[in-house]
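Colleague: Handing you a structure now.
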Protein chains: 6
Amino acid sequence: APLTHFDAAGQAHMVDVGAKAETTRVARAQGHIRMAPATFALIESGSAKKGDVLGIARIAAIQASKRTSDLVPLCHPLALTRVAAGFTLDAGRHRVTLEVTAETVGRTGVEMEALTAVSVGLLTIYDMCKAADRGMIIEDIRLLEKAGGKSGHWLADCK
Amino acid sequence: APLTHFDAAGQAHMVDVGAKAETTRVARAQGHIRMAPATFALIESGSAKKGDVLGIARIAAIQASKRTSDLVPLCHPLALTRVAAGFTLDAGRHRVTLEVTAETVGRTGVEMEALTAVSVGLLTIYDMCKAADRGMIIEDIRLLEKAGGKSGHWLADCK
Amino acid sequence: APLTHFDAAGQAHMVDVGAKAETTRVARAQGHIRMAPATFALIESGSAKKGDVLGIARIAAIQASKRTSDLVPLCHPLALTRVAAGFTLDAGRHRVTLEVTAETVGRTGVEMEALTAVSVGLLTIYDMCKAADRGMIIEDIRLLEKAGGKSGHWLADCK
Amino acid sequence: APLTHFDAAGQAHMVDVGAKAETTRVARAQGHIRMAPATFALIESGSAKKGDVLGIARIAAIQASKRTSDLVPLCHPLALTRVAAGFTLDAGRHRVTLEVTAETVGRTGVEMEALTAVSVGLLTIYDMCKAADRGMIIEDIRLLEKAGGKSGHWLADCK
Amino acid sequence: APLTHFDAAGQAHMVDVGAKAETTRVARAQGHIRMAPATFALIESGSAKKGDVLGIARIAAIQASKRTSDLVPLCHPLALTRVAAGFTLDAGRHRVTLEVTAETVGRTGVEMEALTAVSVGLLTIYDMCKAADRGMIIEDIRLLEKAGGKSGHWLADCK
Amino acid sequence: APLTHFDAAGQAHMVDVGAKAETTRVARAQGHIRMAPATFALIESGSAKKGDVLGIARIAAIQASKRTSDLVPLCHPLALTRVAAGFTLDAGRHRVTLEVTAETVGRTGVEMEALTAVSVGLLTIYDMCKAADRGMIIEDIRLLEKAGGKSGHWLADCK
């Protein structure tokens with residue numbers, strides 16, 4: 001498994017996907033943001049009543065998925081056919097989890113779109129709570145699952 | 001410390017920074033990407049000879065810092081006066097660390113610019129190595145230090 | 001007819017269009033800008049001789065159609081195959097009308113692309129004439145017609 | 001009051017604001033979207049319980065204000081220091097009103113930023129409700145007030 | 001004169017301009033596009049009567065100047081205070097010349113903004129005439145003059 | 001061969017490509033940047049050891065190809081399936097040549113994507129070396145070859 005983003009001379013390129021079939025491709029990614037208990041309480045109550053941090057982070061995540069090929073230099077542009085973003089609150093670890101599913105019908109996978117959405121969604125939570133808590137940490141952004149295309153189904157080991 | 005991004009009625013807004021002084025503001029952020037030993041070896045050798053993954057990720061990080069207010073909904077647009085991005089290779093944990101410093105002379109801080117640069121830099125490493133290793137994990141994106149502005153100097157606890 | 005942009009739990013998502021057929025889709029939208037008689041005269045003469053306000057607004061409208069999915073959070077990105085923008089001058093009401101037709105061959109409609117083009121075209125007229133007339137009003141931006149896709153042909157009631 | 005966006009030869013340019021003073025500049029703009037009673041009811045209940053159309057439109061409006069100089073060809077880029085967007089529901093006319101206030105400390109006004117935010121906020125409502133109601137009409141986008149800069153305070157006639 | 005865009009270790013960065021004075025900075029750049037005589041005739045007549053190629057290229061040039069820091073990786077973002085773009089037709093050489101002047105009041109020069117505007121303006125002419133003439137050549141894009149900032153006034157040798 | 005970007009009334013539009021077949025389309029474009037011998041030496045040594053000007057310009061070129069329809073007003077948006085950018089150093093003329101190949105499977109050609117990539121790649125070299133040499137000249141940006149689509153294969157005359 002070499003680095004496909006480089007040619008034989010070591011020069012970066014956007015790899016040729018023109019001969020790949022247009023198939024349905026799905027990717028699911030996840031990440032967390034851990035914070036102080038008081039910050040967690042603000043988000044938890046906010047999403048119920050006022051100051052909807054997670055609603056705004058969800059929109060930021062979805063919008064970021066559409067900017068992926070602008071941000072990641074060798075990513076192919078593609079037309080997403082579905083993006084969904086869901087949050088889970090873990091009160092014990094005062095941690096918010098964001099999971100994003102992205103889909104397309106195209107010639108290349110959407111892992112980067114799902115991962116970019118997760119990253120920007122979590123950054124948005126950081127932004128909105130940073131006046132209260134600068135020490136928040138974004139943890140363990142990873143691909144959970146990938147389907148479609150020649151490489152077939154892939155599922156992350158743990159979690 | 002309430003959530004400043006919401007007004008008294010709980011509605012999101014871009015907070016008023018018009019009365020703040022234009023001062024030099026600096027932020028330093030960090031994150032890691034952990035990978036399989038073989039992937040780490042590819043990056044390590046690549047940055048020396050051919051297939052310069054880290055050189056490309058550095059450019060992606062710097063460019064992303066300039067897109068921060070496009071990505072994070074309530075971020076103020078601002079004119080960065082300096083961005084630097086450096087990588088450290090930890091062979092023991094086969095982990096790459098990216099640290100970004102961002103600066104401006106303006107009315108609001110640049111934490112989000114530094115954090116966004118770190119996130120996109122690490123996503124770019126993921127993208128370039130994903131054909132070899134889908135299980136890479138982006139870890140512990142956090143603010144390390146912040147200076148300038150009324151809130152003064154802030155330094156992360158650990159690390 | 002519920003709000004399809006929300007799932008059963010009320011969370012926003014980019015709806016799944018992956019199973020829809022790729023068909024030719026057309027949308028036609030319209031809007032107006034009403035102004036002082038003297039401003040109208042400036043535009044009218046300008047488009048003939050010098051200071052081509054409408055020529056510039058047409059370009060802005062076409063370019064904006066390509067940015068729609070960047071601006072409207074839950075819009076799908078798509079590849080427009082045609083955009084045309086035409087102006088009509090109504091000297092009696094000193095009002096300029098902009099009508100835009102957008103087309104694609106894809107899985108989802110182009111109403112938002114046509115409406116966004118109309119909006120930005122009219123904003124551009126406002127911008128270029130605002131030194132002369134701050135009281136201009138952008139009126140009645142609406143969809144006129146829509147064709148293609150499962151929902152079939154739709155034609156606005158009046159006008 | 002000629003068209004300042006053209007030079008003596010009738011050629012468009014971005015006008016020189018380099019000699020203008022950096023002052024606080026504010027603009028307030030407004031627009032409406034009128035819809036079928038059933039659509040209005042969906043939005044009204046939604047903003048209370050689930051399917052927060054207005055929360056998402058508010059974010060779209062704020063983000064669009066930051067893209068103004070990308071969309072309107074001869075607009076100067078500028079660093080907004082505040083953007084706030086508020087909705088009013090008029091049950092009698094089943095109409096939603098969006099009012100946006102934009103501010104900067106700079107050399108040129110922010111009318112276009114406020115007007116662009118209003119336009120995109122209303123387009124977002126259209127997008128989210130269009131499956132239920134294609135006949136919605138965006139009405140009367142206009143500047144309400146402008147302060148700061150050499151031209152001084154301006155207040156719209158009516159409303 | 002070393003390459004300032006790299007640090008002592010050879011790593012790219014966005015150079016620190018935070019300590020530079022905010023002064024008026026001007027840059028003037030130029031480029032040409034040479035074409036078949038018949039294509040030149042189309043542009044020449046078009047700009048007089050219908051099919052205003054140069055009017056559209058002028059708008060594209062001005063808009064591109066605002067995207068410079070998005071396109072050129074290590075460019076600082078800055079707020080342009082003036083951009084003007086003028087065309088000259090050379091019937092003898094059937095060549096169109098585009099000259100752009102860009103200005104800001106800031107901490108860094110605007111050479112790249114002027115050069116980017118020239119490049120995109122000429123690319124737009126190519127795009128609009130390519131159905132008639134694929135052999136057009138964009139020639140001699142260069143900086144003509146630069147003023148403001150510590151490095152002082154610079155004037156190109158020839159032409 | 002008229003100007004297809006204008007309708008019968010001389011008004012610009014994005015031409016209708018909806019009826020064209022989706023075929024593989026390729027374009028190859030080229031340009032040069034000429035500089036002082038000392039600047040050429042900096043780039044030459046830099047690409048070997050430290051300060052990788054060409055590596056960064058390659059990334060800028062690839063990324064710019066993805067922004068083409070944002071920059072060139074009447075260009076159709078399309079999903080590139082491959083982009084490759086290669087440099088050649090001509091020590092005799094102290095000139096760097098950039099050649100870009102772009103491909104898509106779509107309804108319209110990718111000439112503008114290849115030409116835009118070349119332009120921005122060369123602008124990036126200018127940016128990174130301008131502190132050493134303001135007199136660099138970007139020369140002879142042109143299409144070399146085009147294949148796919150109804151107009152068939154096209155090859156530039158000379159070179």
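Just so you know, all these numbers are worked out from the coordinates, no wet-lab data involved. Note that the coordinates shown come from a computational prediction; the quantities given were computed from them, not determined experimentally. Every residue, glycine among them, receives a Cβ derived from its backbone with ideal geometry; neighbour counts consider all protein chains shown.
Colleague: For A:Arg134, enumerate residues with amide H under 5 Å from its amide H, sequence gap 5+ or separate chain, H modeled in the peptide plane.
Modeller: Those lying under 5 Å, H to H, from A:Arg134: there are none.
Colleague: Sort shortest first the distances from D:Pro37 to its counterpart in every other copy, using label points 7 Å along the Cα-to-beta-carbon line, and give them in nm.
Modeller: Its label point is 4.2, 5.2, 7.4, 7.4, 8.7 nm from the equivalent points in the other copies.
Colleague: What is the angle, in °, between the Cα long axis of helix B:37-48 and the longest principal axis of the Cα atoms in chain B? Nearest 10 is fine, range 0 to 90.
Modeller: Taking the Cα atoms of chain B, the angle to B:37-48 is about 80 degrees.
Colleague: For the stretch F:1-72, what ratio Rg/Rh do Cα atoms give with a Kirkwood hydrodynamic radius?
Modeller: Using only Cα positions, Rg/Rh for the stretch F:1-72 is 1.18.
Colleague: Can you give me the angle between helix E:111-129 and the longest principal axis of chain E, using Cα atoms only, in degrees from 0 to 90, rounded to the nearest 10?
Modeller: Roughly 20 degrees between the two axes.
Colleague: Give me a single rounded figure for E:100-107: the average over its residues of other chain Cβ atoms within 10 Å of their Cβ.
Modeller: Rounded to a whole number, the mean comes out at 3.
Colleague: By per-residue mean of other Cβ atoms within 10 Å, what is the highest-first order of F:138-151, F:16-29, C:8-21?
Modeller: Descending packing order for the listed peptides: F:138-151, F:16-29, C:8-21.
Colleague: Now a separate question. I need the inter-copy label distances for F:Ala131: point set 7 Å along Cα to C-beta, values in nm with one decimal, smallest first.
Modeller: 3.5, 3.8, 3.8, 4.7, 5.4
Colleague: Just check the protein assembly as shown against the gyration tensor rule for me: Cα atoms, a ≥ b ≥ c as the square roots of the eigenvalues, rounded for a/c under 1.5, and otherwise prolate or oblate depending on whether a/b exceeds b/c.
Modeller: Because its axes are fairly even, with a/c under 1.5, the protein assembly as shown counts as rounded.
Colleague: HN-Hα J couplings of the stretch A:142-155 from phi, Karplus 6.51/-1.76/1.60, θ = phi - 60°, integer Hz, Gly and Pro as x?
Modeller: 8, 7, 9, 7, 8, 9, x, x, 5, 6, x, 7, 10, 10
Colleague: Which entries of E:Lys130/F:Lys130; A:Lys66/C:Lys20; B:Lys150/D:Lys150; C:Lys20/F:Lys20; F:Lys20/F:Lys146; A:Lys150/B:Lys66 have Cα-Cα distances beyond 24 Å here?
Modeller: E:Lys130/F:Lys130; B:Lys150/D:Lys150; A:Lys150/B:Lys66
Colleague: Report the closest approach of any chain C C-beta to the axis of the C-to-A rotation: residue and distance, in whole angstrom.
Modeller: Residue of C nearest the axis onto A, distance in Å: C:Ala79, 4.
Colleague: Grab the eigenvalues of the alpha-carbon gyration tensor for chain B, scale each by 5, take roots, and send me the semi-axes largest first in whole angstrom.
Modeller: Equivalent ellipsoid semi-axes, largest first: 33, 15, 14 Å.
Colleague: Find out how many positive minus negative residues lie around C:Pro37, taking Lys and Arg as positive, Asp and Glu as negative, among other residues whose Cβ is under 13 Å from that of C:Pro37.
Modeller: 0
Colleague: List A:Val53, F:Val83, F:Val118 from most exposed to least, where exposure is judged by having the fewest other Cβ atoms within 10 Å.
Modeller: The order, fewest Cβ neighbours first, is A:Val53, F:Val83, F:Val118.
Colleague: Using a label position 7 Å from Cα in the Cα→Cβ direction, what is the ascending list of nm distances from A:Thr23 to the same site in the other copies?
Modeller: 2.8, 2.8, 5.8, 6.2, 6.5
Colleague: While we're on this one: Which value at 222 nm does the protein assembly as shown reach when only helices count, each DSSP H run of 4 or more adding -39,500 (n - 2.57), with the total divided by all residues and rounded to the nearest 500 deg cm²/dmol?
Modeller: Dividing the helical sum by the residues of the protein assembly as shown leaves -9500 deg cm²/dmol.
Colleague: Any chance you could give the angle, 0 to 90 degrees and rounded to 10, that helix D:53-65 forms with the longest Cα principal axis of chain D?
Modeller: Between the helix axis and the principal axis of chain D, the angle is about 10 degrees.
Colleague: Roughly how many Å is it from the Cα centre of the stretch E:38-96 to that of the stretch A:137-159, as a whole number?
Modeller: Using only Cα atoms to place each centre, the spacing works out to 46 Å.
Colleague: Express the relative contact order of chain E as a whole percentage, based on alpha carbon pairs under 8 Å and six or more residues apart in sequence.
Modeller: Once normalised by length, the contact order is 36 percent.
Colleague: Using only alpha carbon pairs under 8 Å that are at least six residues apart, calculate the relative contact order of the stretch C:47-109 and give it in whole percent.
Modeller: It comes to 26 percent, rounded to a whole number.
Colleague: Another question, then. Please label the shape of the stretch F:51-138 as rounded, prolate or oblate, based on the square roots a ≥ b ≥ c of the eigenvalues of the alpha-carbon gyration tensor (a/c under 1.5 means rounded; beyond that, a/b larger than b/c means prolate, else oblate).
Modeller: Judged from the Cα gyration tensor, the stretch F:51-138 comes out prolate (a/c at least 1.5, a/b above b/c).
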